[in-house]
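Read through the structure below, which is laid out as structure tokens, and then see the notes.
The values are calculated or read from the model by the stated rules, or taken from the named source; none is laboratory data. This is a predicted model, so every value here is computed, not measured. Using ideal geometry, Cβ is built from the backbone for each residue, glycine included, and neighbour counts are taken over all protein chains shown.
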Amino acid sequence: MKYEAVIGLEVHAQMLTDTKIFCGCSTKFGAEPNSQTCPVCIGMPGVLPVLNKKALEFAVKTGLATNCQISKLSRFARKNYFYPDLPKGYQISQYELPICEHGYIEIVSDGNTKKIGITRIHMEEDAGKNIHESSSGGGSFSFVDLNRAGVPLMEIVSEPDISTPSEAVEYMKKLRAILRYLNVCDGNMEQGSLRCDANVSIRLKGEKELGTKVEIKNINSFKFVEKALEYEIKRQIKVIEDGGRIIQETRLWDSNKGITESMRGKEEAHDYRYFPEPDLVPITINEEWLNKIKQSLPELPDTKRERFIKEHGISDTDAELLTSEMSLADWFEDAITSGGNPKLVANWVKGDLLRILNEENKTIEQCPVKPSQLADMLKLIENGTISGKIAKTVFEEIYKTGKNADVIVKEKGLVQITSTDEIEKAVDEVLLKNPGEVERYRSGDKKLLGFFVGQIMKITKGKANPQLVNEILNKKLS
């Protein structure tokens, strides 16, 4: 590649407060349009905003978890623009004095650890939502739903340290995991509670000067972040290679067409005319309150991952997966506490458990299998009661019925055959029925061992102890 990309992300995270940032209206998603509004959030004259302390606490928590400096003095500003979903004609945001600055998070991309800087995290209120509908007569109508107006947001602005679309996805995933660990944002991208704007430019490899930046607005899934950036990088390279120049503009990602499309050019860019918000006093944070928040922080993904590797002896890859969600990490550790072997638990979680959950579009919180039930099943494998193959049937039954492994094994007669005589009888039967294969094996075709094992398992309905089968089979064939 002759060119390299320079990418920065502006992530908007909706905070998990019960009420809005400057009034007492509910933030619950999915209510009837305009049913969660009051004079403050719809911008009636003469009303005064009051800061939600929980929103401030959430922003500080996020700053601490992303290695930011917490500003002891910050303040809100008015960001002026006119749009139907912004009834006041301005948005209350932060400008020159944000709550958090100069942080970073670390990502793993292509096996390498990379530090992505965070320029700032600031608080602001969300705008409302425009709804466009078609009428039966062929016309169209537009409505404004202000339920979302005033919902507290954090805008998390990265440094332009991201080089590839895959790194952008890893950054988004790590950021989402941190926000969910802190319980400050649910990270639901489909509902818009986590979304991002991407700034991307290209330059010749090795150049220091930045290219002309293009902004892609409101991307709401990891897949679309990657696809939009891949497309935009290729588009910019083509423009340059064809002798054109990149125009500084805002573009939208069209997921149906798989392209970015121009929304507005530089000449249409907003002049937001920021000035300090006169209705809110500056925010001052004392050391005692800050220390209290520090002490309330949970064990974060990176720390938990390192501990899992050290304490439980699992691989880096498994630890990365198991700590991607706090609820998944807790499930894993509960299974270990119940007596499960860490490596076996990790294999079953990343394999059968997550496979079934993904097939049914369920989260680990909705999993019908209890951690203790998996641990008990693994003990049956370890003590030789059932084989690993039978365990897959048992596990699916636990998932479907909620019954414990020992009950299922007893009801379905799935106890493993460990009798040498019984297995030897099955081996003899298979060898007697397949004299041609026996001759070929003895002539050097060792791959046939798997065929014999499969036939023996078929006769014993998968109950024969695999180790004994191999021992007896090898002895007889040699």
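Restricting segment 115-152 to residues that are polar (S, T, N, Q) and in a strand (DSSP E or B), which is surrounded by the most Cβ atoms within 10 Å (Cβ to Cβ)? Don't jump to the end; show me each part of the working.
We begin by selecting, within segment 115-152, every residue polar (S, T, N, Q); these are 119, 130, 134-136, 140, 142, 147.
Applying the additional criterion that residues be in a strand (DSSP E or B) yields 119, 130, 134, 140, 142.
Numbers: T119: 19, N130: 12, S134: 9, S140: 9, S142: 9.
Per the criteria, the residue is T119.
Which residue out of A228, A198 is small (G, A, S), modelled with pLDDT of 95 or more and not in a strand (DSSP E or B)? Write out each step before concluding.
Values: A198 fails: not in a strand (DSSP E or B).
Criteria check complete, one pass: A228.
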**OP:** Identify all residues within segment 214-225 that are basic (K, R) and in a helix (DSSP H, G or I); write none if there are none.
**Re:** K223
Original post:
Which of (1) within 27 Å of V184 (Cβ to Cβ); (2) outside any helix (DSSP H, G or I) does G339 not meet, given it meets every other one?
Top reply: (1)
**OP:** Tell me, please, whether a residue that is without any contact (Cβ under 8 Å) to a residue 60 or more places away in the chain and in contact with a Gly (Cβ under 6 Å, 6 or more places away or on another chain) can be found in segment 50-65.
**Re:** no
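Given E106, E96, which one is touching a strand residue (DSSP E or B) at 6+ places or on another chain (Cβ under 8 Å) and not in a loop (DSSP other than H, G, I, E, B)?
Working: E96 fails: not in a loop (DSSP other than H, G, I, E, B).
Going through E106, E96 in turn, just one is touching a strand residue (DSSP E or B) at 6+ places or on another chain (Cβ under 8 Å) and not in a loop (DSSP other than H, G, I, E, B): E106.
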**OP:** Mind counting the residues in segment 316-332 that are within 24 Å of A391 (Cα to Cα) and in contact (Cβ under 8 Å) with a residue 12 or more places away in the chain?
**Re:** 8
**OP:** Considering only segment 396-427, state which residues are touching a residue at least 24 places away in the same chain (Cβ under 8 Å), over 30 Å from L357 (Cβ atoms) and exposed (fewer than 13 other Cβ atoms within 10 Å of the Cβ).
**Re:** T420
**OP:** Taking A55 as the residue in question, decide whether it is in a helix (DSSP H, G or I) and buried (at least 18 other Cβ atoms within 10 Å of the Cβ).
**Re:** yes
**OP:** Determine which single condition K2 fails, assuming it passes every other condition in (1) within 29 Å of the chain's Cα centre (by Cα); (2) surrounded by fewer than 21 Cβ atoms within 10 Å (Cβ to Cβ).
**Re:** (1)
**OP:** Sort out which residues of segment 75-89 are crowded, with 19+ Cβ neighbours inside 10 Å and either among the small types (G, A, S) or assigned to a strand (DSSP E or B) (or both), and write them in order of number.
**Re:** F76, A77, R78, K79
Original post:
Quick one: which helices (runs of 4 or more DSSP H) sit completely within segment 370-451 and have at least 2 residues that are among the aliphatic types (A, V, I, L, M)?
Top reply: 371-382, 388-401, 405-412, 420-433
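Do the conditions hold for A346, that is, is it surrounded by 12 or more Cβ atoms within 10 Å (Cβ to Cβ), free of Cβ contacts under 8 Å to residues at least 40 places away in the same chain and under 24 Å from D330 (Cβ atoms)? Walk me through how you get there before you give the answer.
Values: surrounded by 12 or more Cβ atoms within 10 Å (Cβ to Cβ): yes; free of Cβ contacts under 8 Å to residues at least 40 places away in the same chain: yes; under 24 Å from D330 (Cβ atoms): yes.
Yes; evaluated as a whole, the condition is true for this residue.
In the set L344, L321, L328, L290, which member is aliphatic (A, V, I, L, M) and over 23 Å from A177 (Cα atoms)? Steps first, answer last, please.
Numbers: L321 fails: over 23 Å from A177 (Cα atoms); L328 fails: over 23 Å from A177 (Cα atoms); L290 fails: over 23 Å from A177 (Cα atoms).
Step by step, each of L344, L321, L328, L290 is checked, and only L344 is aliphatic (A, V, I, L, M) and over 23 Å from A177 (Cα atoms).
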Original post:
Quick one: which of T401, T393 is of a type in the set (V, I, T) and either touching a Gly at 6+ places or on another chain (Cβ under 9 Å) or not assigned by TED's automatic domain parsing to the domain that holds Q366 (or both)?
Top reply: T393
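Would you check if G211 is buried (at least 16 other Cβ atoms within 10 Å of the Cβ), touching a helix residue (DSSP H, G or I) at 6+ places or on another chain (Cβ under 9 Å), modelled with pLDDT under 95 and not in a strand (DSSP E or B)?
Details: buried (at least 16 other Cβ atoms within 10 Å of the Cβ): yes; touching a helix residue (DSSP H, G or I) at 6+ places or on another chain (Cβ under 9 Å): yes; modelled with pLDDT under 95: yes; not in a strand (DSSP E or B): yes.
It is true that G211 is buried (at least 16 other Cβ atoms within 10 Å of the Cβ), touching a helix residue (DSSP H, G or I) at 6+ places or on another chain (Cβ under 9 Å), modelled with pLDDT under 95 and not in a strand (DSSP E or B).
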Original post:
How do the pairs read when you match residues in segment 242-254 that are closer than 16 Å to N220 by Cα with residues anywhere that are surrounded by fewer than 16 Cβ atoms within 10 Å (Cβ to Cβ) and among the acidic types (D, E), using Cβ under 8 Å and keeping only pairs 6 or more apart or on different chains?
Top reply: R251/E261; L252/E261; D254/E261
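Can you name the helices (runs of 4 or more DSSP H) wholly within segment 231-328 that have at least 3 residues being over 27 Å from G187 (Cα atoms)?
Values: elements: 287-296, 301-312, 316-322.
Those helices (runs of 4 or more DSSP H) span 301-312.
Answer yes if at least one residue in segment 163-171 is among the hydrophobic types (A, V, I, L, M, F, W, C), in the same structural domain as D85 (by TED's automatic domain parsing), at pLDDT 95 or above and in a strand (DSSP E or B), and no otherwise. First the steps, then the outcome.
In the first step, residues of segment 163-171 are kept if they are among the hydrophobic types (A, V, I, L, M, F, W, C); the result is 168-169.
Next cut, in the same structural domain as D85 (by TED's automatic domain parsing) only: 168-169.
Those left that are additionally at pLDDT 95 or above: 168-169.
Filter once more, keeping what is in a strand (DSSP E or B): none.
No, the conditions are met nowhere in segment 163-171.
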